[in-house]
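Just so you know, all these numbers are worked out from the coordinates, no wet-lab data involved. On a predicted model such as this, the values are computed, not experimentally measured, just so you know. Ideal geometry is used to build each Cβ from the backbone, glycine not excepted, and the neighbour counts take in all protein chains shown.
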Amino acid sequence: MKQFTRSHGVDVAFNCVGGGLFEVALNTLGPGGRQVNITSVGERRVSFDLLDFYRRQITLFAVNTITLDTIASGDILDDLRDAFEKGRLTPPEITRTCSLEEAVEAYRQVDSGVVGGKIVFTFPH
């Protein structure tokens, strides 16, 4: 990542995977960078170089989305709409769609790491 930022590193890394990408995302940060963690699939324990962490003055944030109701979640998505519409943010790849009856198997696939993108649940009208 540093080759794209003139060796500075990024200001913010959004870790939407968890432990498996924690240190990778941390290493992309420049001085004063921030990592935002919103989930943890697979390995929940992480380790990192504490000396490097405080010398670069990195900040870690966690967003516990389980505490948000559908209205609060919708408000967050609405706030992000403009960035998606203008192409500053791009949605993740959707690997597959499935029904609620297939949810257990879908979660097993996500947990095992075999899913390369996102799984979207569909509901009948």
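You can think of it this way: the chain between Ile38 and Ile71 has 10.1 nm of extra reach, that is 0.36 nm per residue less the Cα-Cα gap. Rounded to whole numbers, the Karplus 3J(HN,Hα) couplings from phi for the stretch 106-118 are 4, 5, 4, 5, 4, 4, 7, x, 7, 8, x, x, 9 Hz, using 6.51 cos²θ - 1.76 cosθ + 1.60 with θ = phi - 60°, and x at Gly and Pro.
Sequence-ordered 3J(HN,Hα) estimates for the stretch 30-46 from the Karplus curve with 6.51, -1.76 and 1.60 and θ = phi - 60° stand at x, x, x, x, 10, 10, 10, 10, 10, 7, 8, 9, x, 5, 9, 8, 10 Hz, glycine and proline given as x. Scanning residues 5 or more positions from Ala13 or on other chains, those with amide H under 5 Å from its amide H are Arg34, Gln35, Val36, with H placed 1.01 Å from N in the peptide plane.
Net charge near Val120: determine it from the other residues with C-beta under 12 Å of the C-beta of Val120, scoring Lys and Arg +1 and Asp and Glu -1.
Numbers: positive: Arg96, Lys118; negative: Glu93, Glu102.
That works out to 0.
Placing +1 on the Cβ of every Lys and Arg and -1 on the Cβ of every Asp and Glu, with no other charges, gives the chain a dipole of roughly 580 debye about its Cα centre. If R0 is taken as 35 Å, the Cβ-Cβ distance between Arg108 and Glu85 corresponds to a FRET efficiency of 0.50.
On C-alpha positions alone, give me the angle between the axis of helix 19-28 and the longest principal axis of the chain, in degrees, nearest 10. It works out to around 40 degrees. Couplings 3J(HN,Hα) for the stretch 94-102, derived from phi with the Karplus relation 6.51 cos²θ - 1.76 cosθ + 1.60 (θ = phi - 60°), are 8, 6, 7, 10, 8, 7, 4, 5, 8 Hz, where x marks Gly and Pro. Amide H to amide H distances under 5 Å link Leu29 with Val10, where only residues 5 or more positions off or on other chains count and H is placed in the peptide plane. Each Cα pair under 8 Å and six or more residues apart adds its separation to the average, and for the chain the resulting relative contact order is 18 percent.
Of the trypsin sites (Lys or Arg not before Pro) found in the stretch 85-125, the ones in coil according to DSSP and having at most 10 other Cβ atoms within 10 Å of their Cβ are Lys86, Arg88.
Look at the dipole of the chain built from charges on Cβ: of Gly33, His125, Ser99, the Cα furthest out on the positive end belongs to Gly33.
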